[in-house]
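Report on the following structure.
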Amino acid sequence: MRVAGIMSGTSLDGIDVAVVDIEWPSLKLVAFSSTPYSKALRKRLLGVSNAECHTRDIARLHYELGELYAAAVAAMGIKKIQLVGCHGQTIYHEGPKCTLQIGEGAVIAERLGIETITNFRARDIAAGGQGAPLVPFFDWMVLTHDQVNRVAINLGGIANVHALPK
């Protein structure tokens, strides 16, 4: 299965897209791209991130980011993508209580004509997690070894340490 994963981190630096072929247990990177946010967009995102603002501004950015995410995938020119997963741009996070990511998945799905899944953080919190399910799951899938204990460190907006017992 060919999957496009879209990420935009808490650093508000831009949009990362990885296209991966998954034939379990094998993962093969097909292509990667990174598209920086403009200074104006970054300023607008900071203006709605854990800030007093108008819901209109959040709603407009929600749809605009959906358009930008779809455009970033389309610009790669990769054929036969079967699924898109989009983390969205976190504008508020208070795990394990609540979280809000923007970047409308329906826009991505419509523009690309590809099934799109979103709201990974919200689902993790609803299931009792801290709202950060992607990196630990990826670490477990890719780095777990049947004879060696390992530790993975994610240095992002917030650092996470994940123990991977043999």
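The values are calculated or read from the model by the stated rules, or taken from the named source; none is laboratory data. This is a predicted model, so every value here is computed, not measured. Heads up, the Cβs are rebuilt from the backbone with ideal geometry, glycines too, and the neighbour counts pull from every protein chain shown. Side chains included, ligands, DNA and RNA excluded: accessible areas come from the protein's heavy atoms. Shrake-Rupley method; radii C 1.70, N 1.55, O 1.52, S 1.80 Å.
Taken over segment 1-23, the residue count meeting the criterion of being over 17 Å from K79 (Cα atoms) and surrounded by 16 or more Cβ atoms within 10 Å (Cβ to Cβ) is 6. Being in contact (Cβ under 8 Å) with a residue 12 or more places away in the chain, over 26 Å from G47 (Cβ atoms) and not basic (K, R) is a property that I117 has. Give me the residue from segment 130-165 that is part of a strand (DSSP E or B) and touching a helix residue (DSSP H, G or I) at 6+ places or on another chain (Cβ under 8 Å) and, out of that set, nearest to G9 (Cα to Cα). Among residues in segment 130-165 that are part of a strand (DSSP E or B) and touching a helix residue (DSSP H, G or I) at 6+ places or on another chain (Cβ under 8 Å), the one nearest to G9 (Cα to Cα) is N154. When segment 103-129 is filtered for residues that are of a type in the set (S, T, Y) and part of a loop (DSSP other than H, G, I, E, B), only T118 remains. The set of residues in segment 47-57 being surrounded by 17 or more Cβ atoms within 10 Å (Cβ to Cβ) and either in contact with a Pro (Cβ under 9 Å, 6 or more places away or on another chain) or part of a helix (DSSP H, G or I) (or both) consists of V48 alone.
Note on segment 24-46: among residues that are assigned to a strand (DSSP E or B) and open to solvent by less than 80 Å² (accessible area, probe 1.4 Å), the one that is farthest from V142 (Cα to Cα) is T35. Exactly one residue out of S34, S38 is over 22 Å from I117 (Cβ atoms) and polar (S, T, N, Q), and it is S38.
Residues in segment 82-121 that are under 14 Å from the mean Cα position of the chain (by Cα) and hydrophobic (A, V, I, L, M, F, W, C): L83, V84, C86, I91, L100, I102, I108, I117, F120.
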